[in-house]
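Enquirer: Sharing a structure with you now.
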Amino acid sequence: MLKNKFILILIIVSLIFPLLSYLLNFYSDWLFFVETGFSSVFTTTVYSQTIAGVFFAVLLFGFALINLRLAGRAAFPYAGMFIEAGSIRLPRGEAQRFVRPLGLLACVALALFAGQWGAMRWEELLLFTNRVTVGTVDPVIGKDLGFYLFSLPFLEMLKAFASFLLLSTTVMTAVVYYVRGGITLTERGAAVDEKVRRHLAVLAGLFACVIAAGFYLDGFRLLYSNNNAFYGAGYVDVNSRLLTYRALAFLTPVAGVLLAAGIWKGSWRLALLPPVIVVALYLIGIRVYPGVLQKFKVAPNELALEMPYIENNLKFTRFGYDLDKIETVPFDVDTRLSAVDIANNDATIKNIRLWDHAPLLKTYSQLQQIRTYYKFFDVDNDRYKVNGQYSQVMLSPRELSYADLPSKNWINERLIFTHGNGITFGPVSRISKEGLPEFFVKDIPAVSLADIKVTRPEIYFGELSNDYVVVGTKVPEFSYPTATGNINTTYAGKGGVPIDSLLKKALFAAKFKTEKILLSSDITAKSRIIYNRNINERVRAIAPFLRFDGDPYMVVDEKGRLKWIVDAYTYSNRLPCSKPLTGGINYMRNSVKAVVDAYDGSVGFYISDPNDVLVKVYARIFPDLFKPLSAMPEDLRRHVRYPHQFLQLQAAMFAAYHMTDPKVFYNKENLWQVPALGEKPMEPYYTIMKLPGEKVEEYILLLPFTPSKRDNLAAWLTARCDGENYGKIRAYTFPRDRLIYGPKQIDARINQDSFISQQLTLWNQRGSEVIRGSLLVIPIEKSLLYVQPLFLAADKAGLPELKRVIVAFGDQVVMEENLELALQRLFGGKKTVAAATVAVETDSKTPPASLAREAMSIYEKAMTLQRQGNWAGYGEELRKLEQVLKQLSR
């Protein structure tokens with residue numbers, strides 16, 4: 001008796017603790033959704049989870065229980081007194097006493113499992129009930145694409161549930177019959193009572209109908225086939241497998257009826273013959289005949305027979321990744337760029353990005369980190385009107401790194417050190433005399449050297465934020481350090497959940513597994529607990545059905561507040577005839593822009609692609625979640641940019657799917673690839689430039705293409721980011737009858753340049769680390785400039801300094817201290833670039849005798865440095881000598 005009570009207590013505890021944990025998370029999630037203003041999203045999700053879970057749980061419980069009751073009521077008077085299975089011998093009467101409670105327990109357990117499984121399928125349910133038509137039908141079966149995106153997943157879910165329902169019920173029913181004596185095992189085999197046969201016959205007939213439904217749905221899945229040369233249904237699929245699946249979908253229910261009749265009558269020949277026929281038809285029509293058809297008919301005439309199916313793959317892959325909007329424009333490149341053209345494209349030149357992300361992040365960390373517990377996690381690229389000029393900038397938030405706090409304890413991590421502080425913000429191309437970046441905004445408190453002001457520098461929500469902090473306590477929050485001491489602050493925002501009751505204290509103490517929240521005397525009724533502080537986790541908690549970009553970026557609005565913009569994607573793996581990515585996704589749109597306030601955590605979701613069919617359905621499901629992009633504040637809308645990760649994905653597809661002729665696509669006659677320097681392919685990069693045929697400069701995203709397995713340029717892809725042109729993509733194609741140098745060829749020319757290679761060798765011999773930055777292709781007028789910055793660091797942990805800029809044009813490659821000098825060498829003339837640093841220049845009116853004396857002085861100094869082993873200084877003097885000699889030769 002005591003043992004039974006102990007077991008009962010263990011069962012109750014094992015049920016109560018998961019229930020309490022669920023209720024705890026449920027209530028804390030509800031408070032979070034109320035805080036962010038999206039309580040309707042929470043209730044819609046919970047209602048759908050509850051409806052789906054209860055539906056599947058009740059259906060399984062009811063169906064299984066009815067069958068078990070039917071099995072339990074049947075009497076088998078000729079059953080033996082014992083249940084015998086090999087050497088095991090149990091009294092049947094004793095075993096039957098456990099049938100009903102154990103059967104009920106099994107029904108409950110399976111119902112709970114089915115309910116949890118159904119609750120996890122809430123999204124399929126909502127998509128199905130809110131489905132819309134796309135207006136485009138698949139070319140094979142003729143169904144609207146909305147059927148594949150919204151209905152087919154739901155139907156497959158029902159089929160999977162029905163299979164599990166019937167199989168589990170059949171197994172439990174058979175066990176009950178076995179215990180009760182309706183099924184006995186003898187030396188001759190299994191003996192089945194007539195009542196048992198009739199019951200199982202009905203279940204077998206129902207299961208045959210489920211299998212038939214599976215065959216019907218498998219016909220639609222043929223449109224996701226991989227046929228090596230293309231994706232989607234091919235000739236063999238349509239002319240063999242699809243016909244077979246349709247025949248099976250019709251014949252299987254008939255076979256099921258015959259199977260049930262055979263079992264009902266006890267005629268095993270009648271019962272087994274129909275399934276054998278179905279299996280044989282499946283093997284022949286799905287496995288054998290398609291192989292024969294492929295080998296002897298399709299393979300010798302593949303292009304002719306597969307042509308319409310290749311067209312389907314081209315059409316729907318381009319639709320799936322929004323490639324149809326890419327406008328192809330011929331770009332007749334020439335090499336007649338002049339100093340006048342450079343002057344006319346002054347804004348483009350000023351905004352060529354010389355500061356690479358990785359070296360700049362390290363430089364920012366050493367110059368602007370201020371304290372060890374601050375950290376720059378990433379550098380973002382954006383554009384602003386700075387002092388009246390449209391400028392490309394680099395911006396990095398100064399976040400708080402909890403891993404680097406000097407003293408780690410609960411009060412420091414949760415009450416005092418609650419937020420990061422400010423940003424570092426500067427131009428992409430300007431260099432100080434020391435080779436370091438210049439700043440528009442720097443230091444703590446923020447010092448602005450331009451008309452960009454940061455009035456609310458605190459960062460409570462970021463990429464490095466920990467799971468929770470408590471604000472508004474008796475303990476003042478640390479704001480920033482000064483030479484005379486620390487400055488404290490008190491949170492004045494509306495973010496977080498008020499801890500205004502003992503119940504909430506206990507709730508969050510249990511949620512975050514610390515009694516300190518409950519016991520701390522520093523927490524008052526005015527205190528607020530801020531959780532879900534990581535911006536990626538925050539937006540994902542609100543909209544888990546979206547996929548979020550891995551590179552959120554910070555924006556300074558007109559009021560000086562810091563906001564995060566996170567690109568979000570709708571996606572599906574259900575678009576027919578579309579080539580999938582790794583992971584199966586074959587439809588994707590950048591349809592949503594999420595905005596998170598870095599101070600109070602307020603979140604907004606804005607629809608950037610209203611034509612996306614998926615976002616239309618999600619907007620019907622959650623009408624209070626999304627707003628049109630026009631509702632986004634104008635000062636934030638000016639900073640919306642096309643996501644570089646999405647363009648990279650589109651470029652990977654466009655490399656093959658720019659070929660719209662099925663024959664050209666099949667033969668891969670014009671296959672492109674993204675060029676690679678080393679093992680890593682080039683990534684899209686932002687710049688400000690004047691596109692061909694346009695009158696003003698704009699902020700764009702650019703990526704070049706080369707022909708497959710070739711190094712010359714084939715095209716360059718650009719996504720526009722500004723105003724009404726946002727989202728428009730152009731592919732500028734180069735003539736195929738001439739050589740246009742590609743990045744790898746320019747890189748080889750740089751390596752082969754004697755002066756550049758000598759200088760790099762000298763730097764490396766001294767022990768310095770030479771970092772070659774990204775090689776950028778910059779279209780200007782009808783020509784191409786290649787620009788690559790060179791960084792120098794004393795060692796791997798040293799401060800990277802931008803020491804040289806390499807510029808290539810046509811057959812010329814030059815390396816100078818800055819972009820201005822490089823352009824002067826290439827094109828002549830006098831060009832003032834904002835990124836220029838003070839260079840060693842010689843007045844053109846200097847007499848030749850003075851130049852000769854200066855050359856001799858430089859030469860003597862260079863020889864002295866050579867004898868001292870100062871190779872970097874020696875190389876520097878040689879470069880100066882070269883400049884003087886060029887002056888003499890004029």
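The values are calculated or read from the model by the stated rules, or taken from the named source; none is laboratory data. Fair warning: this is a prediction, and the values are worked out from it, not measured in the lab. Here the Cβ positions follow ideal geometry from the backbone for every residue, glycine too, while neighbour counts run over all protein chains shown. Surface areas here come from the heavy atoms of the whole protein model, side chains and all, with no ligands, DNA or RNA. Shrake-Rupley method; radii C 1.70, N 1.55, O 1.52, S 1.80 Å.
Enquirer: Kindly evaluate residue 717 against the criterion of being open to solvent by less than 50 Å² (accessible area, probe 1.4 Å) and in contact with a His (Cβ under 7 Å, 6 or more places away or on another chain).
Expert: No; evaluated as a whole, the condition is false for this residue.
Enquirer: I've got another one for you. Would you mind listing the helices (runs of 4 or more DSSP H) fully within region 222-321 where at least 1 residues are without any contact (Cβ under 8 Å) to a residue 60 or more places away in the chain and surrounded by 20 or more Cβ atoms within 10 Å (Cβ to Cβ)? Can you show your working first?
Expert: Details: elements: 242-265, 268-282, 289-293, 302-320.
Ranges flagged: 242-265, 268-282, 289-293.
Enquirer: State all residues of region 735-750 that are open to solvent by 10 Å² or more (accessible area, probe 1.4 Å) and of a type outside the set (Lys, Arg); if no residue qualifies, say none.
Expert: 735, 737, 739, 740, 741, 745, 747, 748
Enquirer: Looking only at region 342-370, count every residue that is surrounded by fewer than 22 Cβ atoms within 10 Å (Cβ to Cβ), hydrophobic (A, V, I, L, M, F, W, C) and more than 22 Å from residue 826 (Cα to Cα) and tell me the total.
Expert: Of the residues in that region, 4 qualify.
Here is a yes/no grid of residues against (1) in a helix (DSSP H, G or I); (2) modelled with pLDDT of 95 or more:
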position: 751; (1), (2): yes, no
position: 755; (1), (2): yes, no
position: 759; (1), (2): yes, no
position: 762; (1), (2): yes, no
position: 771; (1), (2): no, no
position: 787; (1), (2): no, yes
position: 798; (1), (2): no, no
position: 802; (1), (2): no, no
position: 806; (1), (2): no, yes
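Enquirer: Mind checking which pairs have a first residue in region 849-865 that is within 16 Å of residue 878 (Cβ to Cβ) and among the acidic types (Asp, Glu) and a second that is at pLDDT 75 or above and buried (at least 18 other Cβ atoms within 10 Å of the Cβ), Cβ under 6 Å, 6 or more apart or different chains?
Expert: Matching pairs, first to second residue: 854/884.
Enquirer: Could we say that residue 706 is in contact with a Lys or Arg (Cβ under 9 Å, 6 or more places away or on another chain), more than 20 Å from residue 549 (Cα to Cα), of a type outside the set (A, V, I, L, M) and surrounded by 21 or more Cβ atoms within 10 Å (Cβ to Cβ) here?
Expert: yes
Enquirer: Tell me which strands (runs of 3 or more DSSP E) are completely within region 489-606 and hold 1 or more residues being open to solvent by less than 10 Å² (accessible area, probe 1.4 Å), among the charged types (D, E, K, R) and modelled with pLDDT of 95 or more, or say none if there are none.
Expert: It comes to 562-572, 587-597.
Enquirer: Further question: In region 505-532, how many residues are in contact with a strand residue (DSSP E or B) (Cβ under 7 Å, 6 or more places away or on another chain) and not β-branched (Val, Ile, Thr)?
Expert: Count: 5.
Enquirer: Does residue 411 meet the test of being of a type in the set (Val, Ile, Thr) and over 23 Å from residue 773 (Cβ atoms)?
Expert: Criteria met by residue 411.
Enquirer: If the requirement is being touching a helix residue (DSSP H, G or I) at 6+ places or on another chain (Cβ under 8 Å), under 14 Å from residue 175 (Cβ atoms), modelled with pLDDT under 95 and open to solvent by 30 Å² or more (accessible area, probe 1.4 Å), which of these qualifies: 112, 104, 65, 90?
Expert: 104
Enquirer: Give me the residue from region 100-141 that is of a type in the set (D, E, K, R) and part of a loop (DSSP other than H, G, I, E, B) and, out of that set, farthest from residue 50 (Cα to Cα).
Expert: For region 100-141, the residue satisfying everything is 138.
For (1) more than 31 Å from the chain's Cα centre (by Cα); (2) open to solvent by less than 10 Å² (accessible area, probe 1.4 Å); (3) basic (Lys, Arg), each residue gets a yes or a no:
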{"position": "147", "(1), (2), (3)": "no, no, no"}
{"position": "159", "(1), (2), (3)": "no, no, yes"}
{"position": "172", "(1), (2), (3)": "yes, no, no"}
{"position": "175", "(1), (2), (3)": "yes, no, no"}
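Enquirer: Among 484, 490, which is touching a residue at least 12 places away in the same chain (Cβ under 8 Å) and polar (S, T, N, Q)?
Expert: From the options 484, 490, the qualifying one is 490.
Enquirer: Surrounded by fewer than 16 Cβ atoms within 10 Å (Cβ to Cβ), in contact (Cβ under 8 Å) with a residue 12 or more places away in the chain and on the phi < 0 side of the Ramachandran plot: which single residue out of 432, 401 fits that description?
Expert: One residue alone meets the criteria, 432.
Enquirer: List pairs: first residue in region 576-595 and at positive phi, second residue among the hydrophobic types (A, V, I, L, M, F, W, C) and surrounded by 19 or more Cβ atoms within 10 Å (Cβ to Cβ) anywhere in the structure, Cβ distance under 6 angstrom, at least six positions apart or on different chains.
Expert: 577/223; 577/316
Enquirer: I've got another one for you. Among the listed residues 129, 133, which satisfies the condition of being free of Cβ contacts under 8 Å to residues at least 24 places away in the same chain, open to solvent by 40 Å² or more (accessible area, probe 1.4 Å) and over 30 Å from residue 309 (Cα atoms)?
Expert: Working: 133 fails: over 30 Å from residue 309 (Cα atoms).
Result of the check over 129, 133: 129.
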